[in-house]
Amino acid sequence: MYRLSSCRLRRICPEMLIIVFLIAMTGSAVAQNSPHGPIQQACTDCHTTESWKDLAVPMKFNHATTGFNLNGAHVNVLCLQCHTTKKFSGTPTDCFSCHQNDFTKTLNPNHSLGRFSHECLTCHSNAGWRPSVFQHSKTNFQLTGAHISVDCASCHTNNRFAGLATDCFSCHVKDFTQATLPNHAASQFSHDCLACHTGIAWHPSTFDHNKTRFILVGAHATLECSSCHKNGRFQGIDVDCFSCHQNDFTKTLTPNHLQAQFSHDCLTCHSSMSWKPSTFDHAKTAFKLVGAHQTAECVSCHVNGQFKGLQSDCFSCHQDEFAKTTTPNHTLAQFSHDCTTCHDNVKWKPSTFSHGQTNFPLTGAHMTTDCLFCHQNGQYKGLPTDCFSCHQTDFTKTTNPNHVSGSFDHNCGTCHSTVAWKPAQFDHNKTNFPLTGAHATVVCSSCHASGQFAGTSTDCFACHQKDYTASANPAHATANFPTACISCHSTTAWRPSTFNHTPLFPIGAGDKHSPGRWNTCADCHTNPANFKVFSCITCHEHAKTSMDSKHGGVSGYVYDSNACYRCHPQGRGG
């Protein structure tokens, strides 16, 4: 069945010929004393007919069929490096069996002394013995920050790996002890290093003061620790301001904190930004600062360093101004000590007193009149509010009209206003004789002769008797005209007369007897003592013979003026 060429047979040793023969006959290599050992496989599983052991021709044995798959560095390793005794069957597959010598020789770290696990894959891979691929994160201490690049021996001293503590202090006790700024040991700092440090570096510290009961704000944030933590003291320090700032409190003289017995609660007046300027809020007291008080020095009110128990009324501070004021004299006038009645908190002068809030509001000229004009001799209380009390002199001196002889009412407001004493604004229309027409511009004395005002008659004749008597056209007195002047006249003027002749006999414009056809009343009224007597014949000069002829047949005709009027009441012919 098998044909072996002579050329190939010459290259095969006699022993192999026997093996080949046996394999050819049985299909497997079973020779126990052959170099292959007890291999129970067919030769064709590893060899080809091209060459038995020519290295240029790879063997085709698949190691994966053994249960130990070759990968990584194992791929290029010679068989005898693992199968040292040419033993192929039963070779162990764990790493330590082959790499025990590597395990023992390794000193960094010392695997034997460190009692490392024989499970080499924990730290190594089949790519190479070095570098190690140990993952510290799979332990109960994950490497972060600076720990990542630290040499193993730094923490695992004396090749101790098992049972090491994982707290920082166990490794950093020396750093803790040597730290002097601040001194950790003297200050009895906590051994929990993470309270102030991170895994990045020991310096700088990452201590967060805000996680304590004293949060650092303002100027505290930039202070050196020793400013507050003197003599390396960190435990049991008071958090109130006074504990640190007692010296500032004692030295402060403006104002003097000690003398004024200020509260030790510094935050009442100061902030954490700086000791000066003070941030005291006066508005939170019973006396809010407004106006000029906002810029006044504290000592202006807090004399002799007194801050407690001060009165909040104005007079307590301004008593001196009250006493010195002479215009008006506050003391003499017995002014109220309530300064806000006349003053505000902006400044002492000018006064903001409002006379409108009294029972005598100032109007007109009173608004610009000096106070002393009314408040003579410093009298402010109990003054009367009627005009006459102040203006009695004006009342007495007035002669046009003479107020005294005229027995004028003392109620000055009847004729005058607060704008000025002159001119008077007496409203005659409020009397029982309203002024109309020419009366509105007549001088008072024209009617009120001899300064008489009270009881003056209101009828026209009382004032115009002279006009009545002097009238000659017609002669009022001679004709016995009635003294009711308004029958013929108006208040506009004495002339012309406003007597209406029309109802009796039309003599107006457009009438046949219009003015121009006669000159005076006497042209018709021939008897000046009796205006009921009139003459038509005087004007018309009718001849009796002619009139008799014209009125023939007219019943009741008489050649007489009264007869003319009876037939011609409108003065027309026909």
Would you be able to tell me the number of residues in region 246-271 that are surrounded by 16 or more Cβ atoms within 10 Å (Cβ to Cβ) and not polar (S, T, N, Q)? 8
Limited to region 490-505, what total is found for residues that are farther than 16 Å from residue 521 by Cα and surrounded by 12 or more Cβ atoms within 10 Å (Cβ to Cβ)? 4
Given the residues 420, 440, 484, 424, which is the only one that is closer than 30 Å to residue 533 by Cβ, free of Cβ contacts under 8 Å to residues at least 60 places away in the same chain and not assigned by TED's automatic domain parsing to the domain that holds residue 369? 484
Just checking: which of the helices (runs of 4 or more DSSP H) contained wholly in region 377-477 hold 1 or more residues that are in contact with a Ser or Thr (Cβ under 6 Å, 6 or more places away or on another chain) and of a type in the set (A, V, I, L, M, F, W, C)? 460-470
Given (1) polar (S, T, N, Q); (2) over 30 Å from residue 195 (Cβ atoms); (3) touching a helix residue (DSSP H, G or I) at 6+ places or on another chain (Cβ under 6 Å), identify the lone condition not met by residue 272. (2)
Yes/no for residue 356 being surrounded by 12 or more Cβ atoms within 10 Å (Cβ to Cβ), among the small types (Gly, Ala, Ser), under 26 Å from residue 332 (Cα atoms) and under 50 Å from the mean Cα position of the chain (by Cα): no
With respect to the numbered conditions (1) under 17 Å from residue 570 (Cα atoms); (2) out of contact with any Ser or Thr (no Cβ under 6 Å at 6 or more places or on another chain), which one is the sole condition not fulfilled by residue 535? (2)
For residue 180, state whether it is of a type in the set (Ser, Thr, Tyr), modelled with pLDDT under 90, within 30 Å of residue 307 (Cα to Cα) and surrounded by fewer than 16 Cβ atoms within 10 Å (Cβ to Cβ). no
Is it the case, given these coordinates, that residue 264 is part of a loop (DSSP other than H, G, I, E, B) and in the same structural domain as residue 353 (by TED's automatic domain parsing)? no
Just to be sure I understand, how many residues within region 163-219 are touching a helix residue (DSSP H, G or I) at 6+ places or on another chain (Cβ under 7 Å), touching a residue at least 40 places away in the same chain (Cβ under 8 Å) and part of a loop (DSSP other than H, G, I, E, B)? 7
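Does residue 340 fit the bill of being of a type outside the set (A, V, I, L, M) and under 31 Å from the mean Cα position of the chain (by Cα)? Please lay out each step first, then the result.
Working: of a type outside the set (A, V, I, L, M): yes; under 31 Å from the mean Cα position of the chain (by Cα): yes.
When the stated conditions are applied, residue 340 passes them.
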So, in region 368-387, of the ones that are loosely packed, with under 11 Cβ neighbours inside 10 Å and within 18 Å of residue 352 (Cα to Cα), which residue ends up farthest from the chain's Cα centre (by Cα)? 370
How many residues does region 108-156 hold that are out of contact with any helix residue (DSSP H, G or I) (no Cβ under 8 Å at 6 or more places or on another chain), of a type in the set (S, T, N, Q) and surrounded by 12 or more Cβ atoms within 10 Å (Cβ to Cβ)? 5
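Take the residues in region 388-422 that are of a type in the set (Val, Ile, Thr) and more than 18 Å from residue 454 (Cβ to Cβ); name whichever of them is surrounded by the fewest Cβ atoms within 10 Å (Cβ to Cβ). Can you show your working first?
Just the residues of region 388-422 that are of a type in the set (Val, Ile, Thr), to begin with: 393, 396, 398-399, 404, 414, 418-419.
Subsequent filtering for residues that are more than 18 Å from residue 454 (Cβ to Cβ) retains 393, 418-419.
Details: 393: 8, 418: 16, 419: 12.
My answer is 393.
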What residue, of 400, 429, is within 29 Å of residue 367 (Cβ to Cβ), outside the structural domain of residue 522 (by TED's automatic domain parsing) and without any contact (Cβ under 8 Å) to a residue 40 or more places away in the chain? 429
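The values are calculated or read from the model by the stated rules, or taken from the named source; none is laboratory data. Note that the structure is a prediction, hence the values are computed from the model and not measured. Here the Cβ is made from the backbone with ideal geometry for all residues, glycine too, and neighbour counts use every protein chain on show.
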